[in-house]
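The values are calculated or read from the model by the stated rules, or taken from the named source; none is laboratory data. Since this is a predicted model, take the numbers as computed values, not measurements.
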Amino acid sequence: MTSDNSSPTIQPVTDWADLGQEMWNYLTGKGAAVNYEFIDMAVEVPRDTGDDAPRATWKLNGTLRITTSDDELAGADQHRS
């Protein structure tokens, strides 16, 4: 999909990394903040490939705040100098 100069070109999303990149590109420069709240969330991260690979467990309990900014606009990032 193409558009004029004021809107970004939307690319097809094929995986989570693509989705994250497209969201970041869309939100950057719009003063956006995305808040995620995790309650007793556990993420198992494999060290190697395979079903029996050893895993590290990351536990999240709280809020993760993601802010966007660009070269000209600080956006929602209060810690940007």
Residues that are acidic (Asp, Glu) and closer than 27 Å to residue 23 by Cα, drawn from the range 35-61: 37, 40, 44
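Matching residues to (1) at pLDDT below 75; (2) at negative phi; (3) assigned to a loop (DSSP other than H, G, I, E, B); (4) not aliphatic (A, V, I, L, M):
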| residue | (1), (2), (3), (4) |
| --- | --- |
| 18 | no, yes, no, yes |
| 34 | no, yes, no, no |
| 39 | no, yes, no, no |
| 73 | yes, yes, yes, no |
| 77 | yes, yes, yes, yes |
